[in-house]
Amino acid sequence: MSSLKIGVIGAGVIGRSIAEAVLGAGLPVTLVDVSEAARTASRALIETSLKAARLFGLPNPSLPRTDQILANLTVTHDYADLADVDIVIESVPEQWEAKRDAYVELERACKDSCLYVANPSVFPIAKIAALTHRADRVVGVHFMNPVPMKKTVEAIVNPAVSAQASRRLFDFLDRIGMRAIVVKDAPGFVSNRIMMPVVNDAAQLVEDQVATAHDVDAIFRECFAHKMGPLEMADLIGLDTVLYSLLRLYEELGGDRYQPCRNLVEKVESGKLGRKTGEGFFVYR
Ligand SMILES: NC(=O)c1ccc[n+]([C@@H]2O[C@H](COP(=O)([O-])OP(=O)(O)OC[C@H]3O[C@@H](n4cnc5c(N)ncnc54)[C@H](O)[C@@H]3O)[C@@H](O)[C@H]2O)c1
């Protein structure tokens, strides 16, 4: 297990956070992204986050030095660099073309025994597995953001998955200190099936001027004792990812509650994607 090599596809909000958590557990990571800007930003952001974690003793006070951890990170555009990875975690955008392109490349590049871990917000894992010729080695893990701090994940293991692949998944999650809650394969699983419509409703309330974004979130924090309100959480996830997730829920399940409200669509259209662009429902500059 200690010689495991991990690939992460997509160096965006969640991919680089997954890479950081895996690196923190002492495993080497090859991080692949088609965008040069994302590749450059990811290394710097992982470094900043590791330094902050070390400074505050979180999540692990005995974390090795940042430069030692970063020596285990390879950032590349080239899927061929995944030839010897044992487990690959896919985190490209919640859009079908992006998923399809990524799995075509993965099937070309990875060795036969490689375990594929899909990390979608909504797409069912079986649908993603059908993009490959190895449904017995495609499992789902829905990681939570920021990954080094959120030690519980949803895990999806369909009946087509082999017992060996399932064991490898749970050994890996154990190795990186994650507790898995196993759920059935359904659009949005549990977390996003509940949270995405809540975010949509919260955005609609702001659009209807029932309350400001600040007050909607304050009600969740102060009345329900949530650590974070739904709009701050949406900004952390990325409003484009929230929008894509609602669209995917609408396609998969139908129903007005998944139809994205105008407020959310307009924010994404104007490039206000949340923390990643410095502004969403709140401003982060
Ligand atoms: N943001 C979250 O909190 C969160 C949490 C759990 C799951 N997810 C899911 O993870 C996936 C990624 O979400 P994100 O928020 O990181 O998105 P993001 O837009 O921040 O990052 C996606 C990255 O993938 C890259 N990419 C696109 N196509 C690619 C390809 N074919 N090969 C390699 N790289 C490619 C993009 O350049 C981008 O850097 C989505 O399916 C999302 O629903 C997101």
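The values are calculated or read from the model by the stated rules, or taken from the named source; none is laboratory data. Please read these numbers as outputs of a predicted model, since none were measured by experiment. Virtual Cβ from ideal backbone geometry, glycine too; neighbours counted across all protein chains shown.
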* Structure fact -> Subset of the stretch 124-161, residues within 21 Å of A19 (Cβ to Cβ) and assigned to a loop (DSSP other than H, G, I, E, B), comes to F143, M144, N145, P146, V147, P148, M149, K150, K151
* Take the residues in the stretch 1-14 that are closer than 17 Å to C114 by Cβ and crowded, with 22+ Cβ neighbours inside 10 Å, then tell me which one is nearest to the ligand (Cβ to nearest atom). => G10
* Name the residues in the stretch 86-114 that are part of a loop (DSSP other than H, G, I, E, B) and within 14 Å of the ligand (Cβ to nearest atom), would you? -> S91, V92, P93, E94, Q95, C110
* **Filter result for A180 (farther than 14 Å from L115 by Cα and not in a helix (DSSP H, G or I))** => yes
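Sort out which residues of the stretch 26-35 are more than 9 Å from the ligand (Cβ to nearest atom) and modelled with pLDDT of 95 or more, and write them in order of number. Don't jump to the end; show me each part of the working.
Applying the first criterion (more than 9 Å from the ligand (Cβ to nearest atom)) to the stretch 26-35 yields 26-31.
Across the stretch 26-35, the qualifying residues are L27, P28, V29, T30, L31.
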* Asked: What number of residues within the stretch 201-229 are farther than 19 Å from N145 by Cα and either assigned to a helix (DSSP H, G or I) or among the hydroxyl-bearing types (S, T, Y) (or both)?
  -> 17
* To do: State which residue is surrounded by the most Cβ atoms within 10 Å (Cβ to Cβ) when the search covers only the stretch 235-254 and only residues that are near the ligand (Cβ under 10 Å from one of its atoms) and over 13 Å from G278 (Cα atoms).
  => V242
* **Matching residues, the stretch 260-285, being free of Cβ contacts under 8 Å to residues at least 40 places away in the same chain and in a loop (DSSP other than H, G, I, E, B)** => S270, G271, K272, L273, G278, R285
* **Members of the stretch 115-130 that are farther than 23 Å from D171 by Cα and either more than 12 Å from the ligand (Cβ to nearest atom) or modelled with pLDDT under 95 (or both)** => K127, A130
* **Check on A11, touching a residue at least 24 places away in the same chain (Cβ under 8 Å) and either hydroxyl-bearing (S, T, Y) or out of contact with any strand residue (DSSP E or B) (no Cβ under 6 Å at 6 or more places or on another chain) (or both)** => no
* Structure fact -> Matching residues in the stretch 219-271 (over 29 Å from K127 (Cα atoms) and in contact with a Leu (Cβ under 7 Å, 6 or more places away or on another chain)) number 1
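What about E279, is it out of contact with any helix residue (DSSP H, G or I) (no Cβ under 9 Å at 6 or more places or on another chain) and modelled with pLDDT of 95 or more? Don't jump to the end; show me each part of the working.
Numbers: out of contact with any helix residue (DSSP H, G or I) (no Cβ under 9 Å at 6 or more places or on another chain): no; modelled with pLDDT of 95 or more: yes.
Answer is no for this residue.
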